[in-house]
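Take this structure first; my questions come after.
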Amino acid sequence: MKFPVAVSAVVLGLTSSASAFAPSRLGVRNASPVSTSALNAVSKKDSYTVTLLPGDGIGPEITEATKSVLEALTARCGFTIELKEALIGGAAIDAKNDPFPDESLEQCRSSDSVLLACIGGYKWDNNPRELRPETGLLKMRKEMGLFANLRPAKVLDQLIDASTLKREIVEGVDVMCVRELTGDVYFGTPKGIEERNGKYY
């Protein structure tokens with residue numbers, strides 16, 4: 001399915017640096033190499049391919065809403081977007097017994113951009129580590145060199161009074177939080193819990 005749209009590539013997150021995850025210039029230990037071209041904005045062209053990862057919970061619902069938004073933009077045709085879905089998280093575990101199958105990874109790598117909804121749910125909480133939804137998310141970050149999550153926080157005037165914080169605290173807030181995703185405990189190998197003299201290590 002293709003959707004012509006009239007917004008710029010940056011607005012849709014079709015540049016590596018504008019996506020929800022920012023690619024690492026240095027890559028990640030043991031990660032697949034990230035090409036220089038993958039670190040730059042996608043060049044302007046007539047058509048883009050975007051992989052949708054609906055995931056779990058409300059993920060499929062908000063993915064459908066995303067499609068509707070893109071469809072609403074088709075009246076102002078500037079280029080086309082080909083949307084292709086792939087599996088991740090609990091949906092992937094149920095279908096493929098793998099939280100991020102290799103075919104999903106390859107599809108993401110071959111796309112101009114990836115739009116991820118959300119993953120996880122109580123259904124998979126008691127699975128072994130390798131079969132938990134978040135393991136698929138970690139694999140995606142590692143294999144694609146996505147080292148940071150960009151989280152904007154902007155308070156709209158119309159919603160100031162809906163905040164639990166005082167108006168004078170939140171009014172005018174417009175910040176970008178950069179959360180590092182691929183180091184330290186994220187990718188540490190669990191070694192288990194050991195008991196020594198009544199204490200756990």
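The values are calculated or read from the model by the stated rules, or taken from the named source; none is laboratory data. Note that the structure is a prediction, hence the values are computed from the model and not measured. Side chains are part of the model used for accessible areas, which takes the heavy atoms of the whole protein and leaves out ligands, DNA and RNA. Shrake-Rupley method; radii C 1.70, N 1.55, O 1.52, S 1.80 Å.
Can you pull the Kirkwood radius for the stretch 64-201, inverse mean 1/r over Cα pairs, to one decimal in Å?
It works out to 18.8 Å.
Say the cut-off is 20 Å between C-alpha atoms; which of Lys96/Lys123; Lys96/Lys139; Lys45/Lys154 go over it?
With Cα atoms farther than 20 Å apart: Lys45/Lys154.
Across the stretch 101-107, in residue order, what do the Karplus-derived ³J(HN,Hα) couplings come to in whole Hz, using 6.51 cos²θ - 1.76 cosθ + 1.60 with θ = phi - 60° and x for Gly and Pro?
Per-residue couplings from phi come out as x, 4, 5, 5, 4, 5, 5 Hz.
Another one. Provide the per-residue ³J(HN,Hα) series for the stretch 152-158, in order, calculated from phi with Karplus coefficients 6.51, -1.76, 1.60 and θ = phi - 60°, each as a whole number of Hz, with x at glycine and proline positions.
These are the phi-based 3J(HN,Hα) values: x, 9, 10, 8, 7, 3, 5 Hz.
Please arrange Lys67, Lys199, Lys84 by accessible surface area, largest first, computed with a 1.4 Å probe and ligands excluded. Show your work: numbers first, answer last.
Working: Lys67 40, Lys199 125, Lys84 70 Å².
Sorted descending by solvent-accessible area, the residues read Lys199, Lys84, Lys67.
Then there's this: Output wanted: per-residue J couplings in Hz (rounded whole) for the stretch 112-123, from phi through Karplus 6.51 cos²θ - 1.76 cosθ + 1.60, θ = phi - 60°, x for Gly and Pro.
Ordered by residue, 3J(HN,Hα) equals 6, 7, 10, 10, 9, 8, 7, 9, x, x, 4, 3 Hz.
Ile81's amide H: which non-local residues (gap 5+, or another chain) put their own amide H closer than 5 Å, with H modeled 1.01 Å from N in plane and none for Pro or chain starts?
Residues meeting the criterion, in which the H sits 1.01 Å from N, are Phe3, Val5, Tyr48.
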